[in-house]
Amino acid sequence: MASIFSRIIAGELPARFVWKDDSCVAFLSIHPLRPGHTLVVPREEIDHWLDLDGRLLAHVAETAQAVGKAQMAGFKPARIGVMLAGLEVPHCHLHVVPIRGVHDLDFDNQDPDPDPAMMDDAARTIRRELRRLGYSEVTD
């Protein structure tokens, strides 16, 4: 059975995408730790990051860095946190989160019911900044 991320990538489930290319996608987390919390997910359904081909792992990390630069410009956080936990969905993904401190990476602080307007605004902000930084992989 396909993971929830494979179903999102296939368009079976909705998501606020900010990036799409041939190897990976990025979309907002439905339970954000902070506004702009984005997941970078390889298109290929691979459960554990240790099993990713080195080139794909590098590409996912480079995409996370691009998203992080856009988040830094758009949200002005203290830092951009990146977490690779892999416990909640059996499909490798990086969490890219604008943070004020390490406490912002605590999954106990997820927003279970984020405001849709805030989510839409966060996606627009990331897309705008990715475009401003010259990335063509931005999606609407």
Counting other Cβ atoms within 10 Å, which GluC sites (Glu not before Pro) in segment 34-80 have at most 15 and lie in a DSSP loop?
Glu44, Glu45
For Gly81, which sequence-distant residues (separation of 5 or more, or a different chain) have an amide H within less than 5 Å of its own amide H, given hydrogens modelled in the peptide plane?
Val97, Ile99
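Taking the Cα centre as origin and putting +1 on Lys and Arg beta-carbons and -1 on Asp and Glu beta-carbons, what dipole magnitude results for segment 4-132, to the nearest 20 debye? Before the final figure, lay out the partial values.
Numbers: 15 positive and 19 negative charges, 160 e Å.
My answer is approximately 760 debye.
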Going by C-beta contacts inside 10 Å, put Ser136, Ser6 in order with the fewest on the left.
Ser136, Ser6
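Please compute the contact order of the chain in relative form: average sequence separation of alpha-carbon pairs under 8 Å and at least six residues apart, divided by the residue count, as a percent. Please list the in-between numbers first.
On the way: 240 pairs, mean separation 43.1, N = 140.
Relative contact order of the chain: 31 percent.
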Candidates Ala58, Ala117, Ala26, ranked by Gaussian network fluctuation over the chain, Cα under 10 Å, top entry
Ala117
Under-5 Å amide H pairs with Cys24, H placed in peptide plane, nonlocal only
Arg43
Cα extents of the chain along the three principal axes, largest first, in whole Å?
35, 35, 28
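Readers should treat all values here as calculations from the given coordinates under stated rules, not as data from a laboratory. Worth saying up front: this structure is predicted, and the values here are computed from it rather than measured. Please note: Cβ atoms are built from the backbone with ideal geometry, for glycine as well, and neighbour counts cover all protein chains shown.
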